[in-house]
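Chemist: Mind having a look at this structure? Questions to follow.
The values are calculated or read from the model by the stated rules, or taken from the named source; none is laboratory data. Keep in mind that this is a model prediction, so the values were computed, not measured. Virtual Cβ from ideal backbone geometry, glycine too; neighbours counted across all protein chains shown.
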Amino acid sequence: MERVNEGAESIMYETKIAGVPMLIKFRNKKLWRIDKIDEELRERRTRKEAKLLIYAKKAGAAVPGVAAIGKYSIFMQKVGGKLLKDSKPSAHDMQTIGRYLALLHANGITHGDFTSANILLTKNGPFIIDFGLGVFSNSEEEKALDLLLLERSISKKDYANVRKAYTSIAKDHLTVTKRLNEIKKRGRYQTRTLA
Amino acid sequence: MAVLGIESSAHTFGVGIVEEGRVVANAKAMYKIGSKGMIPREVAETHIANAPNVIQEALKEAGMKFSDIDGIGYTKGPGIGYCLHVGMLSAKTLAKKLNVPITQVNHGIGHMEIAKSRAKLKDPLALYVSGGNSQILKKYGESYRVLGETFDIGIGNMLDSLARSLKLYPAWGSTVEKTAEGGKYVEMPYTVKGMDFSFTGMLTHASKMKDRKSDKDICFSVQETAYAMLTEATERALLLTNSKELCVCGGVAQSHRLKRMLQGMADEHGITFGYAEDTFNADNGAMIALMAEQMLKHGIKTKLQDCTIEQRYRIDEVKLWKE
């Protein structure tokens, strides 16, 4: 088993099970908080993330398939490819991303950290990864935040293609857009993207 | 250069004097908070009564005369309007009388800068936790960015309200910390969204428990949960910004438990963690003087007639200079 990445709350390992490459997302113990809070949070979040992945796939979006769920770990399909932030996507790729986002939202799933660092471009098209901050929600605010985070992390041209596909599918795109514009007017969000 | 700074945003009227980045005086007088919390008019009246004495006390502590002061700074905000006013008027009077430049300081930046200076850090990520504020801050270029913050009330405000609801006196964070010793954990709502957090849900939940659970268990659980939330949000910000240094500042930075958690988290990532002494974490004039001196040295001053207060003066509105 090889450690491939370490995030704020989890470690990713790569391994092979029956010859098939797999990724394991393991939520590691944090010694600074008391055990009860630590174990409860890790267990609850692992389950929720696995559930989000499964429902996202059912909704029609391309996400890594879940192979097994442990107490603090998710075994999932390794999709490969390159992160959107490090690649040159085609218009078709961006429209597919917009379509996936609309499908997720229509099925009550919001991603919570929908940036170019959480989308992979593979030979089978884009894949959306890392639902660690996702929630089951139909709120316009959450949906608008997904769009906002993506807009901030990609070029204008790419975002225009995302919007095109998103608005053609999402029935509530007008109210979401209205909320998006409200959020942009709030002072704090103008100053929150990183340099 | 010797600069006198006046802080009066909440219950403390503080006067500090800083000479070339060195704190030479830090005098303060506090409004005594009773069971009703802070009553703005009463706090302001207390400040008015204390102001002359505290200013004299600071000069005495520094071994200086009025004529030794080369500049004045005061807290423009955020804070309680009535209270800020007292500080502003004192500062304007002094500046006019002594004929020295005056500058307006953001309270939160004062907290962050003094922690940076006392802990000898260069470019830290800061967790700023006090009564009214709870924010994760980092300086980019000439201004500060708020990376994460509370959706509702500040952590200090939450702890004070909890103490009042449990009838613990004096009603503030350190009493909660003392009461929490040896408590057992009962589940509390844990609300972190990315790098933002929320405290009102926990306050309501905890207050409703008071007939069923002991004060000890409630205080312990609230404290552990709230500090774990802050530490988690800070950890995420640390990894996102790739910071090598972390500091905690503001009134709640006096909490031993919070500092221990942050230290543990910083150690896991091999990051330097620092903070100021308690007297500089509670509201104080020295931090305003320290920041005012730097601002005056960079030529940031305000005309007397343009001096104002702003109750909701946000940190990310302030334009400073590039390091």
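Chemist: Hey, can you tell me all the residues within region A:75-91 that are of a type in the set (A, V, I, L, M), farther than 18 Å from A:K157 by Cβ and more than 15 Å from the chain's Cα centre (by Cα)?
Modeler: none
Chemist: State yes or no: is B:L159 more than 26 Å from A:E141 (Cβ to Cβ), away from chain A (no Cβ under 14 Å) and modelled with pLDDT of 95 or more?
Modeler: yes
Chemist: Can you tell me which residue is farthest from the other protein chains (Cβ to nearest Cβ) among those in region B:257-274 that are within 21 Å of the chain's Cα centre (by Cα) and farther than 16 Å from B:A237 by Cβ?
Modeler: If we take residues in region B:257-274 being within 21 Å of the chain's Cα centre (by Cα) and farther than 16 Å from B:A237 by Cβ, then B:G274 is farthest from the other protein chains (Cβ to nearest Cβ).
Chemist: Counting just the residues of region B:290-317 that are under 23 Å from B:Y82 (Cβ atoms) and of a type in the set (V, I, T), which one comes out nearest to the chain's Cα centre (by Cα)?
Modeler: It comes out as B:I315.
Chemist: If I filter region B:233-256 down to residues being within 25 Å of B:F220 (Cβ to Cβ) and in a loop (DSSP other than H, G, I, E, B), which single residue comes out as nearest to the other protein chains (Cβ to nearest Cβ)?
Modeler: B:S255
Yes/no per residue for (1) assigned by TED's automatic domain parsing to the domain that holds B:Y31; (2) among the hydrophobic types (A, V, I, L, M, F, W, C); (3) under 20 Å from B:S8 (Cβ atoms):
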{"position": "B:T234", "(1), (2), (3)": "no, no, no"}
{"position": "B:L239", "(1), (2), (3)": "no, yes, no"}
{"position": "B:V248", "(1), (2), (3)": "no, yes, no"}
{"position": "B:K259", "(1), (2), (3)": "no, no, no"}
{"position": "B:M265", "(1), (2), (3)": "no, yes, no"}
{"position": "B:H269", "(1), (2), (3)": "no, no, no"}
{"position": "B:I288", "(1), (2), (3)": "yes, yes, yes"}
{"position": "B:L296", "(1), (2), (3)": "yes, yes, yes"}
{"position": "B:Q311", "(1), (2), (3)": "yes, no, yes"}
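Chemist: Same structure, new question: Need the failing condition index for B:E187 against (1) charged (D, E, K, R); (2) in contact with a helix residue (DSSP H, G or I) (Cβ under 7 Å, 6 or more places away or on another chain); (3) closer than 21 Å to B:T231 by Cα, just the number.
Modeler: Of the numbered conditions (1) charged (D, E, K, R); (2) in contact with a helix residue (DSSP H, G or I) (Cβ under 7 Å, 6 or more places away or on another chain); (3) closer than 21 Å to B:T231 by Cα, the odd one out for B:E187 is (2).
Chemist: Answer yes or no: is there a residue in region A:107-128 that is in contact with a Gly (Cβ under 8 Å, 6 or more places away or on another chain), free of Cβ contacts under 8 Å to residues at least 40 places away in the same chain and away from every other protein chain (no Cβ under 14 Å).
Modeler: Looking through region A:107-128, none of the residues is in contact with a Gly (Cβ under 8 Å, 6 or more places away or on another chain), free of Cβ contacts under 8 Å to residues at least 40 places away in the same chain and away from every other protein chain (no Cβ under 14 Å).
Chemist: Also: One residue is enough: does region B:134-150 have a residue meeting the conditions charged (D, E, K, R), under 30 Å from B:I69 (Cα atoms) and outside any helix (DSSP H, G or I)?
Modeler: Within region B:134-150, one or more residues are charged (D, E, K, R), under 30 Å from B:I69 (Cα atoms) and outside any helix (DSSP H, G or I).
Chemist: A follow-up question, please. Considering only region B:275-298, I want to know if a residue exists there that is assigned to a loop (DSSP other than H, G, I, E, B) and within 14 Å of chain A (Cβ to nearest Cβ).
Modeler: no
Chemist: Scan (1) among the aliphatic types (A, V, I, L, M); (2) at pLDDT below 95; (3) surrounded by fewer than 24 Cβ atoms within 10 Å (Cβ to Cβ) for the single condition B:L98 breaks and write down its number.
Modeler: Of (1) among the aliphatic types (A, V, I, L, M); (2) at pLDDT below 95; (3) surrounded by fewer than 24 Cβ atoms within 10 Å (Cβ to Cβ), only one is false for B:L98: (2).
Chemist: B:G131 passes all but one of (1) in the same structural domain as B:E7 (by TED's automatic domain parsing); (2) in contact with a helix residue (DSSP H, G or I) (Cβ under 7 Å, 6 or more places away or on another chain); which number fails?
Modeler: All conditions are met except number (1).
Chemist: Taking the residues in region A:1-11 that are outside any strand (DSSP E or B) and under 23 Å from the mean Cα position of the chain (by Cα) as candidates, determine which candidate is farthest from the other protein chains (Cβ to nearest Cβ).
Modeler: Only one residue tops the list, namely A:S10.
This table checks each residue for (1) touching a strand residue (DSSP E or B) at 6+ places or on another chain (Cβ under 7 Å); (2) modelled with pLDDT of 95 or more; (3) not polar (S, T, N, Q).
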site: B:V252; (1), (2), (3): yes, yes, yes
site: B:H269; (1), (2), (3): no, no, yes
site: B:A276; (1), (2), (3): yes, yes, yes
site: B:G299; (1), (2), (3): no, yes, yes
site: B:L304; (1), (2), (3): yes, yes, yes
site: B:I315; (1), (2), (3): yes, no, yes
site: B:W321; (1), (2), (3): no, no, yes
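Chemist: If a residue has to be away from every other protein chain (no Cβ under 14 Å), among the aliphatic types (A, V, I, L, M) and assigned to a loop (DSSP other than H, G, I, E, B) to count, how many in region A:12-33 make the cut?
Modeler: Count: 1.
Chemist: Would you check if B:I153 is part of a loop (DSSP other than H, G, I, E, B), away from every other protein chain (no Cβ under 12 Å) and within 18 Å of the chain's Cα centre (by Cα)?
Modeler: For B:I153, the condition - part of a loop (DSSP other than H, G, I, E, B), away from every other protein chain (no Cβ under 12 Å) and within 18 Å of the chain's Cα centre (by Cα) - is met.
Chemist: Scan region B:264-274 for residues that are outside any strand (DSSP E or B) and surrounded by fewer than 17 Cβ atoms within 10 Å (Cβ to Cβ) and jot them down.
Modeler: B:G264, B:D267, B:E268, B:H269, B:G270
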